[in-house]
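Data first, discussion second: the structure below is written as structure tokens.
The values are calculated or read from the model by the stated rules, or taken from the named source; none is laboratory data. Just so you know, these numbers come straight off a predicted model, no measurement behind them. Please note: Cβ atoms are built from the backbone with ideal geometry, for glycine as well, and neighbour counts cover all protein chains shown.
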């Protein structure tokens, strides 16, 4: 994770709250200076411009995600359960930081800021690569059905996550994002495992 000063961390956290409450258009040095009790020129010692603040948010979020992948892949050996943890933990991050949805999803927010676009693309690619590797491991262990393309499945999982979060945003950020994700994952995991891996009781339930 990138190293930020305590003041930079404070600015990033405040920026997230400001975006969540009022939208990214209200993210200005003037608004933050008033709320944080510092002068506008003082911001330039911490972030040179608005794009640098937005990049700081992405870098911090990227660091949290990478640590999340490391922890889960170390602690959970069942690949399907590990992917489920990645899926649900990501939803938890968005539930706790709704401003990240505004920054990561609507393309118009990043328009003209090529460095932000490149960072988001890098983060997306990393996630798909990690999930693909976890699927490969699950297939080898017999935990995930073999008649499936790991990379295509990883794209489906990643795309489903984005769709659920985007719909959550359009519905006004209700409190049940993680519950929505859990219900979706229950269906998706049934398809990923396939009938040959399901317990007999579940097979009978699906057939009735």
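Assess whether residue 88 counts as being in contact (Cβ under 8 Å) with a residue 40 or more places away in the chain, part of a helix (DSSP H, G or I) and farther than 30 Å from residue 141 by Cβ. When the stated conditions are applied, residue 88 does not pass them.
Reported count of residues in region 19-36, each being farther than 18 Å from residue 103 by Cα and either free of Cβ contacts under 8 Å to residues at least 12 places away in the same chain or not in a helix (DSSP H, G or I) (or both), is 3. Against the numbered list (1) in a helix (DSSP H, G or I); (2) more than 19 Å from residue 154 (Cβ to Cβ); (3) in contact (Cβ under 8 Å) with a residue 24 or more places away in the chain; (4) touching a helix residue (DSSP H, G or I) at 6+ places or on another chain (Cβ under 9 Å), residue 63 comes up short only at (4). Condition (residue is crowded, with 18+ Cβ neighbours inside 10 Å, more than 13 Å from the chain's Cα centre (by Cα), modelled with pLDDT under 95 and not in a helix (DSSP H, G or I)) applied to region 116-131: is it met by at least one residue? Taking every residue of region 116-131 in turn, none turns out to be crowded, with 18+ Cβ neighbours inside 10 Å, more than 13 Å from the chain's Cα centre (by Cα), modelled with pLDDT under 95 and not in a helix (DSSP H, G or I). Would you confirm whether any residue within region 137-150 is at pLDDT 90 or above, under 21 Å from residue 91 (Cα atoms) and assigned to a helix (DSSP H, G or I)? Among the residues of region 137-150, not one is at pLDDT 90 or above, under 21 Å from residue 91 (Cα atoms) and assigned to a helix (DSSP H, G or I), which makes the answer no.
Only residues that are farther than 17 Å from residue 176 by Cα and under 10 Å from the mean Cα position of the chain (by Cα) were counted in region 60-99, giving 5.
Filtering region 19-31 to residues that are farther than 18 Å from residue 105 by Cβ and surrounded by 18 or more Cβ atoms within 10 Å (Cβ to Cβ) leaves only 29.
Count, please, the residues in region 37-51 that happen to be in a helix (DSSP H, G or I) and either exposed (fewer than 15 other Cβ atoms within 10 Å of the Cβ) or touching a strand residue (DSSP E or B) at 6+ places or on another chain (Cβ under 7 Å) (or both). If you could, list the steps in order and put the result at the bottom.
Our first condition is that a residue be in a helix (DSSP H, G or I); within region 37-51, this holds for 40-43, 50-51.
Then drop every residue that is not either exposed (fewer than 15 other Cβ atoms within 10 Å of the Cβ) or touching a strand residue (DSSP E or B) at 6+ places or on another chain (Cβ under 7 Å) (or both), which leaves 40-42.
Count: 3.
Restricting attention to region 2-18, and to residues there that are exposed (fewer than 12 other Cβ atoms within 10 Å of the Cβ) and in contact (Cβ under 8 Å) with a residue 12 or more places away in the chain, which single residue is farthest from residue 103 (Cα to Cα)? Restricting to residues being exposed (fewer than 12 other Cβ atoms within 10 Å of the Cβ) and in contact (Cβ under 8 Å) with a residue 12 or more places away in the chain, the top hit is 5.
Out of all the residues in region 101-108, is one or more in a helix (DSSP H, G or I), buried (at least 17 other Cβ atoms within 10 Å of the Cβ), on the phi < 0 side of the Ramachandran plot and at pLDDT 85 or above? Yes: region 101-108 contains one or more residues that are in a helix (DSSP H, G or I), buried (at least 17 other Cβ atoms within 10 Å of the Cβ), on the phi < 0 side of the Ramachandran plot and at pLDDT 85 or above.
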